Amino acid sequence: MKTKFSSLVTFSGLLFLAGLLPGTLRADFVWDPAASTHTGAGTAFKQVTGPGVPAGTGSTTSGPVAYGGGQNTSGVFTFGFTNSTNPFPALGDTELSSTVLVAGTTLTLYFDKGATDSVNYVAIITDTTASITYEVISSTRVKIVANVVNPVASASGDLNAVFGLVIDYQNVPALNFEQTVFATNMHHFDVSPPATQPSGVAGINANGLNGTSAQFRAFMPITYLASIGLTDPSECKGYVDGIETPPGDFTNEGLDATLGFDFMDAGNPTNEVLKVVINNDSWSPHDMQFGKLSSPPVDPNIAKRATLRKKIAKQKKKLKKARTASAKKRVRKKIKKLKLQLRRLA
């Protein structure tokens, strides 16, 4: 992957239903609602069609209706469900408890992609204690099974039922975690690619609330462990911003081949993945990292990074108070600009 982002890539503020905007073209990754299903009333999704509506926009077939869609931005595909067709979803639009996709609903989702697009990692906002499936069906099709979750309170707020995911397929070697799958119970507005890119760890960035514990579970294939020289899975550790987590906050659950994962990888014929967990309740934005650092990363921009994060937090508060679409748009642009500056420090 590249070391300098050409545009900001983050869950926060991305338009899950951006496909409803006129002029949007079919993207590298696209959801297949007609093939996807969910448990509970209705059980099926349907394609939403119409002028300016691209492939990959869908809804439940029964009500109260939930809508789904995704957006590709510079090699990152972001997908989620909302309770409305608002093209600029606010936090409340992502609340699914008023739809048929209540917390605990199991989603079976299919996505199509470009044959040459290689997945670096997948982040899923879901119930981290339930079964999760990631399956590469072919070079152009991926299947994900996960549950709608009642997320913990985080920087953006506290809802009762949400689901979102991101698939990173940028051509940036430092972020190639060999299809590692992250699962967290924190709202997707507060989850984004890692702010720093030290070697030897797979990471994801998150912004929570002090005193509120969020869980981050990583499923790392053997191919990734080999790529970072981790020959003994028991030596895998957890880090927060490069600082090793205490035993009570990190759990190495060992290798497992019964999760339903299928990487279609000759280097991992048994489909074994290493399951590791970080629990964190001390917050500002942090990188949750899994692997084995040879030494703590040196961050020459730590002061600049802290200042930018404070500015982002201030703008997020303004976004929650904004009442008009134009005001929200202006604040989102400021947040995007600030986060792009933060990324360029990585």
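Could you give every pair whose Cβ atoms fall below 6 Å, whose first residue belongs to the range 59-78 and is closer than 17 Å to residue 144 by Cβ, and whose second residue is among the charged types (D, E, K, R) and assigned to a strand (DSSP E or B), counting only separations of at least 6 or pairs across chains?
Pairs that qualify, where the first residue is closer than 17 Å to residue 144 by Cβ and the partner is among the charged types (D, E, K, R) and assigned to a strand (DSSP E or B), are 76/168.
Give the number of residues within the range 146-163 that are surrounded by fewer than 17 Cβ atoms within 10 Å (Cβ to Cβ) and either more than 15 Å from residue 102 (Cβ to Cβ) or in contact with a helix residue (DSSP H, G or I) (Cβ under 7 Å, 6 or more places away or on another chain) (or both).
2
Select from the range 320-344 the residues that are touching a residue at least 60 places away in the same chain (Cβ under 8 Å) and not basic (Lys, Arg) and write down the one among them that is nearest to residue 157 (Cα to Cα).
335
Filter the range 126-151 for residues that are among the β-branched types (Val, Ile, Thr), within 15 Å of residue 112 (Cβ to Cβ) and assigned to a strand (DSSP E or B) and give the result.
Hits for the range 126-151 are 136, 137, 142, 144.
Of the numbered conditions (1) more than 30 Å from residue 317 (Cβ to Cβ); (2) surrounded by 23 or more Cβ atoms within 10 Å (Cβ to Cβ); (3) not polar (S, T, N, Q), residue 46 satisfies every one except a single condition; which is it?
Only one criterion is unmet by residue 46, namely (2).
Here's the yes/no breakdown for (1) outside the structural domain of residue 239 (by TED's automatic domain parsing); (2) crowded, with 21+ Cβ neighbours inside 10 Å; (3) closer than 21 Å to residue 101 by Cβ:
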| residue | (1), (2), (3) |
| --- | --- |
| 165 | no, yes, yes |
| 168 | no, yes, no |
| 172 | no, no, no |
| 184 | no, yes, yes |
| 200 | no, no, no |
| 203 | no, yes, no |
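Scan the range 244-263 and report the pairs whose first residue is closer than 14 Å to residue 216 by Cα and in the same structural domain as residue 203 (by TED's automatic domain parsing) and whose second residue is among the small types (Gly, Ala, Ser) and exposed (fewer than 15 other Cβ atoms within 10 Å of the Cβ), with Cβ atoms within less than 7 Å and a gap of 6+ or a chain change.
252/234
Hey, among 144, 167, which residue is at negative phi and without any contact (Cβ under 8 Å) to a residue 60 or more places away in the chain?
Working: 167 fails: without any contact (Cβ under 8 Å) to a residue 60 or more places away in the chain.
That would be 144, the only listed residue that is at negative phi and without any contact (Cβ under 8 Å) to a residue 60 or more places away in the chain.
Here is a check on your reading of the model: is residue 214 small (Gly, Ala, Ser) and crowded, with 18+ Cβ neighbours inside 10 Å?
On the way: small (Gly, Ala, Ser): yes; crowded, with 18+ Cβ neighbours inside 10 Å: yes.
Yes.
Go through the residues of the range 131-145 one by one and say whether even a single one is closer than 19 Å to residue 67 by Cβ and crowded, with 21+ Cβ neighbours inside 10 Å.
Yes, that holds for at least one residue.
Do you know which residues across the range 107-120 are part of a strand (DSSP E or B) and surrounded by fewer than 17 Cβ atoms within 10 Å (Cβ to Cβ)?
As a first pass, look at the range 107-120 and keep what is part of a strand (DSSP E or B): 107-112.
Within the range 107-120, 108 is the sole residue that qualifies.
Here is a check on your reading of the model: is residue 69 surrounded by fewer than 19 Cβ atoms within 10 Å (Cβ to Cβ), of a type outside the set (S, T, N, Q) and under 21 Å from residue 325 (Cβ atoms)?
For residue 69, the condition - surrounded by fewer than 19 Cβ atoms within 10 Å (Cβ to Cβ), of a type outside the set (S, T, N, Q) and under 21 Å from residue 325 (Cβ atoms) - is not met.
Out of 123, 183, 174, report the one residue that is under 30 Å from residue 229 (Cβ atoms) and in a helix (DSSP H, G or I). Before you say what the answer is, go through the steps one by one.
Values: 123 fails: in a helix (DSSP H, G or I); 183 fails: in a helix (DSSP H, G or I).
Answer to the check: 174.
The values are calculated or read from the model by the stated rules, or taken from the named source; none is laboratory data. What you see is a predicted model; the values in this text were computed from it and never measured. With ideal geometry, Cβ positions are generated from the backbone for all residues, glycine too; neighbour counts draw on all protein chains shown.
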